[in-house]
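Reading through the C-alpha cells given below for one structure.
The values are calculated or read from the model by the stated rules, or taken from the named source; none is laboratory data. This structure is a prediction, so every number in the text was calculated from the model and none was measured. Methodologically, a virtual Cβ is constructed for each residue, glycine included, from the backbone with ideal geometry; neighbour enumeration extends over all protein chains shown.
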Amino acid sequence: MEQVRILNPLLRPQQVAEILGVKLSTIYKYSMSGTLPSVKINGNLRFQEKQIQDFIQQHTKPAVKALVTASQ
C-alpha cells in the first residue's frame, strides 16, 4: 500500500485566526465571502497554508519611507 504524502498541511480556522491576528468570526466571514479561500472536508472548514501565505502577501502594504526633517 502506498503512503500518501501531505505536501501542504491544512489549517483549522482557529490556527488561521492566530496567524492573522484576527477574531475567529472574521475568518468565517472571509471564508464565506470568498476573501480567504477555504475547503470543507466532512463539514469541517480548512485552509491551505500556501493560500494563507498568499493572502498575507497580497494584503501587505509596502513600507512607507521615513520622513526626513529638513535639518540640512
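Here are the numbers for this structure:
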quantity	calculated
Any pair with Cβ under 6 angstrom, 6 or more apart, that starts in segment 29-40 at a residue that is free of Cβ contacts under 8 Å to residues at least 40 places away in the same chain and ends at one that is part of a helix (DSSP H, G or I) and surrounded by 12 or more Cβ atoms within 10 Å (Cβ to Cβ)	Leu36/Tyr30; Leu36/Phe55; Pro37/Gln51; Ser38/Ser31
1 or more residues exposed (fewer than 12 other Cβ atoms within 10 Å of the Cβ), out of contact with any strand residue (DSSP E or B) (no Cβ under 6 Å at 6 or more places or on another chain) and at pLDDT 95 or above: qualifying helices (runs of 4 or more DSSP H) within the chain	13-20, 24-33
Enumeration of residues in segment 41-63 that are in contact with a Ser or Thr (Cβ under 9 Å, 6 or more places away or on another chain) and among the polar types (S, T, N, Q)	Gln48, Gln51
Residue list for segment 11-30, filter: out of contact with any helix residue (DSSP H, G or I) (no Cβ under 7 Å at 6 or more places or on another chain) and over 15 Å from Phe55 (Cβ atoms)	Arg12, Ser25
Count of segment 40-56 residues which are under 13 Å from the mean Cα position of the chain (by Cα) and within 15 Å of Pro9 (Cβ to Cβ)	8
